[in-house]
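Colleague: Got a structure for you, written out below as structure tokens; questions coming shortly.
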Amino acid sequence: MMHSDARPIRIGRIDYTNVWPVFHHFDPSRLRCEAELVYGMPAELNRMLRAGEIDVAAVSSFAYGIHSEDYLLLPDLSVSAPGQVQSLLLFLKSPLEQVRRGKIALTATSATTVNLLKIVMKKFYGGDPVYETMEPDLDRMLENADAALLIGDHAIRASWRETGYRALDLGDLWRLWTGRWMTFAVWAVRRDAALRHPEAIAEIYAALVAAKRRSAADSEPLAQEAVRRIGGTADYWRGYFRGLCHDFGPEQRAGLSLYFQYARELGLMEKPVTLADWPDSVHA
């Protein structure tokens, strides 16, 4: 489906706290161009961007990688971390040795983290577990599995409970084995939308970067809203937002390129990925 000029430009917003620092102060009603936010889970927004139902979105890195020829990256926007993220957790019911050859229950919500887990298991631990996709409910996931992967706010809430399970942070494991940053999501624009609406995309991009900078200067409003909407303490959320980075510089790119390389080596991706930036690559 192509973008109709009659409708506003549609911007996909993941329903997770990890993108709040970019979206919290972003208000499409204050733009000169007509734009609207569309909320959804990562997998849903990935599909909508692919189908042309939305034009710009924060999408999982893996989804960007699979369709990179149709998208351009909005520079200096991502969800990245140099290590621990606290919201991508593998809960172990059995010892890791058993998990490597056992069964892992996965959440269906993010391709990036699921494939990161497969890379970690195969590349770093030499494991080949069976994977089963389920709804993100820790107790039910672990009824018949040795470990369970939760991401986003589901992982955070589970980490607050006294579950008795050991939790491994995938951002931590990636850093431990590669020494690199991990980039979990990027902001992408469809090439066709960038070509047809250059001024609107430029305005939306400038507003997103300005919103990100405002949050970076003061994350207190984010911490307070997280307590109100999700629970926990302001201290927990201050630490959580401090651990995330929403820039996309050379270190984040290098980590993401390595992730894509490993994904190809394991047959999770078919072709090499181009990290093409808007607006430089609009006509490429």
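Colleague: Only one residue in ARG140, ARG101 is at pLDDT 95 or above, part of a loop (DSSP other than H, G, I, E, B) and out of contact with any Cys (no Cβ under 8 Å at 6 or more places or on another chain), so which one is that?
Modeller: On inspection, the qualifying residue turns out to be ARG101.
Colleague: Looking only at the stretch 198-214, decide whether some residue is at pLDDT 95 or above, under 30 Å from LEU72 (Cβ atoms) and acidic (Asp, Glu).
Modeller: Checking the stretch 198-214: at least one residue is at pLDDT 95 or above, under 30 Å from LEU72 (Cβ atoms) and acidic (Asp, Glu).
Colleague: Looking only at the stretch 72-97, count every residue that is outside the structural domain of ASP15 (by TED's automatic domain parsing) and of a type in the set (D, E, K, R) and tell me the total.
Modeller: Number of matching residues: 2.
Colleague: Right, here's the next one. Residue under question is GLY65, and the condition is that it be within 30 Å of ALA145 (Cβ to Cβ), at pLDDT 95 or above and either of a type in the set (Gly, Ala, Ser) or surrounded by fewer than 17 Cβ atoms within 10 Å (Cβ to Cβ) (or both); does it hold?
Modeller: So GLY65 fits the description; yes.
Colleague: Tally the residues that are buried (at least 20 other Cβ atoms within 10 Å of the Cβ) and among the hydroxyl-bearing types (Ser, Thr, Tyr), restricting the search to the stretch 83-137.
Modeller: Of the residues in that region, 6 qualify.
Colleague: Going by what's in this entry, would LEU45 be described as surrounded by 17 or more Cβ atoms within 10 Å (Cβ to Cβ), touching a Ser or Thr at 6+ places or on another chain (Cβ under 9 Å) and of a type in the set (A, V, I, L, M)?
Modeller: Yes, satisfied.
The values are calculated or read from the model by the stated rules, or taken from the named source; none is laboratory data. Please read all numbers here as calculations on a predicted model, not as lab measurements. Backbone-built Cβ (ideal geometry, glycine too); neighbour counts: all protein chains shown.
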